[in-house]
Amino acid sequence: MIRKRTLLAATLCVSAVALSGTFASGKDRLVELFDKIIHSNSSRELSEGQKIFRYDTFGSEAFWGGKLRIHDAIKGEKNGGVGPGVSPRTALSVGLKVDVDSLSKDVLDAIAQGKVDLDDPNTSLLLLKEDAIIGLKGFFNQNGQLSSVGIQCAFCHSTVDNSFAPGLGHRLDGWPNRDLNVGAIVNLSPDLSVVNDLLGVDDATTRKVILDWGPGKFDAELFLDGKAYRPDGKTAATLIPPAFGLAGVNLHTYTGWGSVTYWNAFVANLEMHGQGNFFDPRLDDPVKFPIAARAKMGHTQSSNDQITSKLAALHYYQLSIPAPAAPTNSYDQIMAGRGQLLFNEKAKCATCHTPPLYTEPGWDMHKGEEIGIDEFQALRSPDERYRTTPLKGLWAHAKGGYYHDGRFADLPAVVDHYNNHFSLGLLDNEKADLVEFLKSL
Ligand code: HEC
Ligand code: HEC
């Protein structure tokens, strides 16, 4: 009996020593290896995500080319399409941007020497062939004919630095393109029947609605609820928001539909009309989202999913895009310093716009009445609230105004609104200081 016990104890001891030995050296190796895996994963996701954000169409050419036939409008009658074609001048006038880093040296030289005809649709075809029109991808057949087009995230969420000429320059990912007239571009389509059928309206109505959006705006909820205008008769479209400075922010979009990756899946499937799977039974509500419920958008399925496998890297890339720092000469530093104190104390801005995220850590949502605005846009979303906008990089998207629909033309108007709504009693010089601080973010 005693012998047996001793033997057992000895065996246990030996195996424990053996095991701890394995663990000690094995654990170190595992940890070391896994740390390396994390680093290489992070750089791979980052570069993959950038490619997806800039260049992936998610199969949306089946819609933009296949259904809307935008490519026919671009190439024009002379090239086997329809109408006069779209010249680079027209493309630039509706806010499309040209990425000079995609252009070959020959083309760049020719542009610089004024040898490129900006009124010729063939020049647009050349730009598409060189993959230089930001957010728009041309597909060419074996004969070199433009056979389809698809769109990319960069269409709305990137612009250029205008370093070569207005509208031509290096890419700025995440900066909203507030010149882009999405409605005017969609209106080029010779056949909007798929949109008319979805919305249940005639062609003239669809065209009026999308043209009323104007530059820098798009209405992501129109295709869910069919509400084209606010109660005051103005377009229900919202400003294209920045896609920078989003890391650490809980809910996304103006009305907090979900996380970044939720919205990416939403937008790639339901707005860009890429091909993928999307699940959100909240869209089954026939009162709030009659169009989405009818079309079963919350149960979108594709046998050729070109979206889901890209969501991780796309998410990763977006969280890596920082808000651009304000140029130091673009605001008065002393006033901004005083403005910061006001922001945190007397003006109580920081209670919601908590630094350094400038939104609430946690559930970053408020009713319209809390911030002194109407509930129209909030009621078009599942949680019926507005998300506290993260304020970093405000200076980089002044065009089009502030708040979801640009209702405040500039930052002084925003500060006046809060001063009235919260009865802050800010003096004129304090308001000016606060504005300088907002410009510095
Ligand atoms: C046609 C223009 C357009 C395209 C294309 C587009 N977006 Fe957006 N995006 C918008 C608009 C408009 C909103 C605001 C929607 C709202 O609040 O209702 C938005 C919101 C967002 C937000 C939320 C930003 C925030 O402050 O929370 C992110 C992130 C985003 N888009 C990423 C993407 C990605 C990634 C793609 C490509 C898969 C994409 N978008 C394609 C127009 C566009
Ligand atoms: C109760 C929470 C709350 C407080 C307090 C608050 N904000 Fe806001 N803020 C919001 C919400 C929510 C939005 C989004 C409104 C919209 O898009 O319609 C917003 C939007 C903004 C915007 C527009 C951002 C953009 O990109 O359009 C600015 C600028 C701003 N706030 C500055 C301030 C300043 C300055 C103060 C203090 C005087 C302040 N906020 C106080 C919640 C708040």
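Listed values, structure above:
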item	result
Between 0 and 90°, nearest 10: helix 333-344 axis offset from the chain longest Cα axis	60
Ascending count of other beta-carbon atoms within 10 Å, so fewest first, for GLU375, GLU45	GLU375, GLU45
Estimated 222 nm signal from helices in the chain, with DSSP H stretches of n ≥ 4 weighted -39500 (n - 2.57), rounded to 500	-12000 deg cm²/dmol
Proximal aspartates and glutamates to LYS431, defined as alpha-carbon separation beneath 12 angstrom and excluding residues fewer than eight positions away on the same chain	ASP416
Projected area averaged over orientations for the range 328-440, convex hull of C-alpha atoms, nm²	7.0
Footprinting exposure proxy for ARG387, ARG282 (fewest neighbouring C-beta atoms within 10 Å first)	ARG282, ARG387
Of every Cα-Cα pair in the chain, the percent that sits beyond 36 Å	36
Which of TRP363, TRP175, TRP395 has the fewest Cβ neighbours within 10 Å, and the rest in rising order	TRP363, TRP395, TRP175
Listed pairs LYS36/LYS310; LYS288/LYS392; LYS137/LYS399; LYS51/LYS75; LYS296/LYS399 exceeding 30 Å between Cα atoms	LYS288/LYS392; LYS296/LYS399
Translational diffusion of the range 165-223, µm² s⁻¹ [Kirkwood Rh, Cα pairs; Stokes-Einstein; 10 °C; 1.306 mPa s]	123
FRET efficiency, 1/(1 + (r/R0)^6) with R0 41 Å, evaluated for ALA409 and ASP106 via beta carbons	0.40
Sites matching trypsin sites (Lys or Arg not before Pro) across the range 73-136 that sit in DSSP coil, with at most 16 neighbouring C-beta atoms within 10 Å	LYS115
Built amide H within the under 5 Å cut-off of HIS299, gap 5+	ASP280
Qualifying aspartates and glutamates (Cα of each under 12 Å from Cα of LYS367; at least 8 residues distant if same chain)	GLU375, ASP383, GLU384
The chain: relative contact order as a whole-number percent, Cα under 8 Å and 6+ apart	15
Charge tally in the Cβ shell below 12 Å around SER124, where Lys, Arg are +1 and Asp, Glu are -1, SER124 excluded	-1
Sparse-neighbourhood loop sites, trypsin sites (Lys or Arg not before Pro) in the range 292-330 - DSSP loop, at most 15 other Cβ within 10 angstrom	LYS296
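Throughout, read-outs are computed from the coordinates displayed, never taken from laboratory work. Here the structure is a predicted model, which means the values were calculated and not measured. Cβ: placed from backbone, ideal geometry, glycine included. Neighbour counts: every protein chain shown.
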